[in-house]
Amino acid sequence: MTEKQHNLFVCTTCGSQWQDGKRVGESSGQKLLQELQQLAQDWELQHQFSIQGVECMSACSHSCVIAFAAEAKLTYLFGNLPVDSASAVLECASQYYRKSDGLLPWAERPEPLKKGILAKIPALKKIVTTTEIRQEEANAPGK
């Protein structure tokens with residue numbers, strides 16, 4: 001059995017300064033992403049989590065924004081995170097990893113992620129394609 005890939009998405013547009021329609025300097029989201037990547041070098045789950053910058057997560061009024069996602073697990077979207085919350089984010093990511101369904105009870109989350117939740121999205125069920133159904137039928141006993 002292969003292990004599920006876990007993802008930590010970080011909005012890199014969050015907290016941007018704009019001038020004449022162009023981003024100026026480094027955004028708060030970019031700073032948070034860099035801090036996460038730096039801390040993750042010594043994190044026990046560095047190979048189980050993909051930490052990815054995302055251009056925009058459409059939660060602009062809630063800067064900084066991150067999300068946890070994995071196959072067959074709840075997806076969480078957190079916002080209003082301080083730039084210096086990287087260690088709390090990785091602590092919460094570790095909790096998410098250890099839960100088979102991804103459930104992150106409020107009382108167990110690190111402080112910055114208790115009040116910053118924007119969404120808890122149900123896990124996607126496996127979508128079976130027509131090709132997979134045909135393959136199963138072809139391999140069924142008696143065929």
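Would you mind getting the Kirkwood hydrodynamic radius of region 39-92 from its Cα pairs, rounded to one decimal in Å? Before the final figure, lay out the partial values.
Details: mean 1/r = 0.0809 Å⁻¹.
For region 39-92, inverting the mean 1/r across all distinct Cα pairs yields 12.4 Å.
Apply the Karplus curve 6.51 cos²θ - 1.76 cosθ + 1.60, θ = phi - 60°, to the phi angles in region 61-76 and return the couplings in whole Hz, x for Gly and Pro.
7, 10, 4, 8, 10, 9, 9, 10, 8, 7, 4, 6, 10, 4, 10, 10
What residues have an amide H closer than 5 Å to that of VAL54, excluding those fewer than 5 places away on the same chain, when H is modeled at 1.01 Å from N in the peptide plane?
The list, which skips near neighbours in sequence, is VAL10, CYS11, THR12.
First compute the accessible area of the chain with a 1.4 Å probe, then give the percent of it belonging to carbon and sulfur atoms.
Values: 4570 of 8860 Å².
Of all accessible area on the chain, carbon and sulfur atoms account for 52 percent.
Give me the percent relative contact order of the chain, please, defined on Cα pairs under 8 angstrom at least 6 residues apart.
Result for the chain is 24 percent.
Quick check for you: with a 1.4 Å probe and neighbouring chains kept, what is the accessible area per residue of the chain, in Å²?
Numbers: 8860 Å² over 143 residues.
Heavy-atom SASA per residue in the chain reads 62 Å².
Quick one: Debye curve from the alpha-carbon atoms of the chain only, equal weights, vacuum; give me log10 I(q)/I(0) at q = 0.15, 0.16 Å⁻¹ to two decimals.
Calculated log10 I(q)/I(0) at the listed q: -0.75, -0.82.
Provide the per-residue ³J(HN,Hα) series for region 8-16, in order, calculated from phi with Karplus coefficients 6.51, -1.76, 1.60 and θ = phi - 60°, each as a whole number of Hz, with x at glycine and proline positions.
For region 8-16, the Karplus-derived couplings read 10, 9, 10, 6, 8, 8, 3, x, 7 Hz, x marking Gly and Pro.
The values are calculated or read from the model by the stated rules, or taken from the named source; none is laboratory data. Everything numeric in this text was worked out from a predicted model, so none of it was measured. Surface areas here come from the heavy atoms of the whole protein model, side chains and all, with no ligands, DNA or RNA. Shrake-Rupley method; radii C 1.70, N 1.55, O 1.52, S 1.80 Å.
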